[in-house]
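Worksheet: the structure to be examined is printed underneath.
Values quoted throughout were computed directly from the atomic coordinates according to the rules given, and no laboratory measurement underlies them. If you're wondering where the values come from, they're calculated on a predicted model, not measured in any experiment. Cβ placement follows ideal geometry from the backbone for every residue including glycine, while neighbour counts extend to all protein chains displayed.
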Amino acid sequence: MKRIKSCKFFILPTLVFIALSGFFLFYSNRSEIHFYLNQFHADWADRLFKTVTHLGDGAIFALAIPLAFIKNLRWFFIVACTAVIVLFVTGVLKQWVFQGLPRPALFLGEENLYLVPGVKIHTMNSFPSGHTTAAFAFYFVLCFLIDNKVGSFVLFVLASLVGYSRMYLSQHFLIDVTVGAILGVICGYLAVALISSWKWDKLDGTIQDLVKGNA
């Protein structure tokens, strides 16, 4: 787990983001925060966040898993395990524990918000933000795999942009995004810890023996 140290440029900014979000959530309610953020919009931002938000789609795992398999089995299992954990955690929380919580457009009223044209607005199962959870989990795992300080910070920026895009598009409140970020890092860490605990020397040797035996 030595590579976790290189992820500090992802983890530390994430902790700052969580602390700042916690501060605002403590002193303001979710409605006030969302109305405040919603007043800042522009055509270029509409286009940017309509695109950036897809970096937190489940499709990123569908693309990353086969690419990781091409790289090596360890990458494949880490990415696949992350996808399974994120899917399970967000599914249970959104569909069972916090089922039916209204999203901004329903809770605050579409007529009171600026909504980006061309974006399908969801109204239910707001908590937590699945896109944010997936983004922080995936990019945390990726920063662990690439083991690069600058790359880790860039990945944090991408994850943060996904989180902000969910608020910009009025799909989630700040609390949804903040908890999503926390869950994402936890899910990513659990996947890394689980797969890294395997005895890869023996496993690699077994796989090589199987390949030789089939040759």
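Numbers below:
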quantity: Selection status of Gly100, closer than 19 Å to Ser126 by Cβ and touching a residue at least 12 places away in the same chain (Cβ under 8 Å); calculated: yes
quantity: Qualifying residue in segment 90-103 (condition: of a type in the set (A, V, I, L, M, F, W, C), touching a helix residue (DSSP H, G or I) at 6+ places or on another chain (Cβ under 6 Å) and either assigned to a helix (DSSP H, G or I) or surrounded by fewer than 14 Cβ atoms within 10 Å (Cβ to Cβ) (or both)); calculated: no
quantity: Count - residues of segment 109-141 that are closer than 30 Å to Phe77 by Cβ and either hydroxyl-bearing (Ser, Thr, Tyr) or without any contact (Cβ under 8 Å) to a residue 40 or more places away in the chain (or both); calculated: 5
quantity: Top-ranked residue in segment 62-92 [being touching a residue at least 60 places away in the same chain (Cβ under 8 Å) and of a type in the set (S, T, N, Q); ranked as farthest from Leu183 (Cα to Cα)]; calculated: Thr82
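Here is a yes/no grid of residues against (1) of a type in the set (A, V, I, L, M); (2) closer than 21 Å to Phe156 by Cβ:
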{"position": "Thr14", "(1), (2)": "no, yes"}
{"position": "Phe23", "(1), (2)": "no, yes"}
{"position": "Leu37", "(1), (2)": "yes, yes"}
{"position": "Leu48", "(1), (2)": "yes, yes"}
{"position": "Gly56", "(1), (2)": "no, yes"}
{"position": "Trp75", "(1), (2)": "no, yes"}
{"position": "Val79", "(1), (2)": "yes, yes"}
{"position": "Leu87", "(1), (2)": "yes, no"}
{"position": "Gly91", "(1), (2)": "no, no"}
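Residue-by-condition table, conditions (1) more than 27 Å from Lys71 (Cα to Cα); (2) part of a helix (DSSP H, G or I); (3) over 11 Å from the mean Cα position of the chain (by Cα):
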residue: Ala135; (1), (2), (3): no, yes, no
residue: Phe156; (1), (2), (3): no, yes, no
residue: Gly163; (1), (2), (3): yes, yes, no
residue: Ile175; (1), (2), (3): yes, yes, yes
residue: Gly184; (1), (2), (3): no, yes, no
